[in-house]
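Enquirer: Before I ask anything, here is the structure I am working with.
The values are calculated or read from the model by the stated rules, or taken from the named source; none is laboratory data. Quantities reported herein were computed from a predicted structural model and do not represent experimental measurements. Every residue, glycine as well, gets a Cβ built from its backbone with ideal geometry; the counts of neighbours run over all protein chains shown. Areas reflect the complete protein model, heavy atoms only, side chains present, ligands, DNA and RNA absent. Shrake-Rupley method; radii C 1.70, N 1.55, O 1.52, S 1.80 Å.
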Amino acid sequence: MKFMQRMLMAAAVLLAASGTLFAKGAQGQAGSEKGLIGVVMPTRSEERWIKDGNAVKEGLEKLGYAVDLQYSDDDIATQTRQVDDLITKGVKALVIASIDGSALSNQLANAAAVKIPIISYDRLLMQSPNVDYYVSFDNYKVGGQMGDILITGLKLDQATAAKPVIIELFAGSPDDNNSVGFYQGAMDKLKPYFDKGVLKVPSGQTDRAVIGTLRWDAAEAQKRMENLLSAYYSGNVVLNGILSPYDPISLSCLEACKAVGYGSTPGKPLPLVGGQDCIVASVKSILAGEQYATVLKDTRSLGAATVTLVDTLMQGKTPGGLDTTSYNNGVKVVPSLLLDSVIVTKDNVQSAVIDTGYHTKAELGL
Ligand code: GAL
């Protein structure tokens, strides 16, 4: 219940701050003459972006806006063309979850020239003065939760340098600014354990540039995991854990481990791995005792917060309650609305995932 309340509060915060909460209800019946809103999502091939796209579209349509929702197939040229087209169509606002955060500067300048407000969705649009708002989760905190998953799951507080815990690290796409927060948040949590020598990375690969996964590609991560296992784990060294920033990466790392006997050989249990996005396959894996945890970033609350922000702007009001210090895109600090995320393990799947309706029992095969 606490989780649902937080979700609703996040959606309400902008309206409440701008004093429009009740005024809106009185005039919410208008049709799509309220104008067209352009929404661009990076790919349809990942479960979460479909949920995000639907949440934003349905929410805006309920308020009487028309919505043009585009998916970019993780292709930068497609995304730039889509943004160009939406500007030509005369959208009243643009909501963009970028592929490469720095690749849209020309489009953003064109949009700004015709006064289209630009909302950076989940991923920060970088290196442009023409980003008006950012709606996301607190990515540094999310990274901290990824670190906490390893600290708790691997019982690092009880580990000693005489018998260090062995892990490997994976990061997200280098062109996605979120990867920085996730990595930094996790590494700041893990640093004391590295410093004490209770945590070791046999490959020595710890730099974000080296451990990154372009376009969050799970197949690429699986290949890297296979290479690590054959290069550094051929003797008696057993991998105990993996830092993973994304559920499909977690699952493909587990596959690579299974392929060399983890989970089926005495003394080689599956390594402990967290993740992010709370996808159905990962929740199933958590329930089956394989993936240990994930971080749930509720796409419904992100969508609702975005809808509220767009509507506030369309009414000519100034949104309130924003963080105006945390997210610098290289050119400016972008006013941000940062939502809370939740760690999900086997223990709270019921309350955090099923009771909140994020996934149904049927989706989870229960
Ligand atoms: C990130 C996002 C994550 C995950 C990843 C891959 O930008 O914050 O939640 O979805 O992209 O799509």
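Enquirer: Across the range 263-298, which residue is nearest to the ligand (Cβ to nearest atom) among those that are part of a strand (DSSP E or B) and open to solvent by less than 10 Å² (accessible area, probe 1.4 Å)?
Expert: Residues of the range 263-298 part of a strand (DSSP E or B): 265, 268, 272-273, 293-296.
Next, from what is left, pick out any that are open to solvent by less than 10 Å² (accessible area, probe 1.4 Å): 273, 293-296.
Values: VAL273: 16, ALA293: 15, THR294: 10, VAL295: 8, LEU296: 10 Å.
That would be VAL295.
Enquirer: Within the bounds of the range 260-277, is there any residue that is over 30 Å from GLN350 (Cβ atoms), out of contact with any helix residue (DSSP H, G or I) (no Cβ under 6 Å at 6 or more places or on another chain) and of a type in the set (Ser, Thr, Tyr)? Working first, answer last.
Expert: Going residue by residue through the range 260-277, those that are over 30 Å from GLN350 (Cβ atoms) are 260-261, 265-268.
Now narrow it down to the ones that are out of contact with any helix residue (DSSP H, G or I) (no Cβ under 6 Å at 6 or more places or on another chain): 261, 265-268.
Going one step further and asking which of them are of a type in the set (Ser, Thr, Tyr), we end up with 265.
Among the residues of the range 260-277, at least one is over 30 Å from GLN350 (Cβ atoms), out of contact with any helix residue (DSSP H, G or I) (no Cβ under 6 Å at 6 or more places or on another chain) and of a type in the set (Ser, Thr, Tyr), which makes the answer yes.
Enquirer: Among the residues of the range 181-222, which ones are touching a residue at least 60 places away in the same chain (Cβ under 8 Å) and open to solvent by 50 Å² or more (accessible area, probe 1.4 Å)?
Expert: Here is the first cut: in the range 181-222, the ones touching a residue at least 60 places away in the same chain (Cβ under 8 Å) are 182-183, 215-216.
Of everything in the range 181-222, just one residue is touching a residue at least 60 places away in the same chain (Cβ under 8 Å) and open to solvent by 50 Å² or more (accessible area, probe 1.4 Å), namely ARG215.
Enquirer: Residue check: is SER301 open to solvent by less than 60 Å² (accessible area, probe 1.4 Å) and under 25 Å from VAL67 (Cβ atoms)?
Expert: Working: open to solvent by less than 60 Å² (accessible area, probe 1.4 Å): yes; under 25 Å from VAL67 (Cβ atoms): yes.
So SER301 fits the description; yes.
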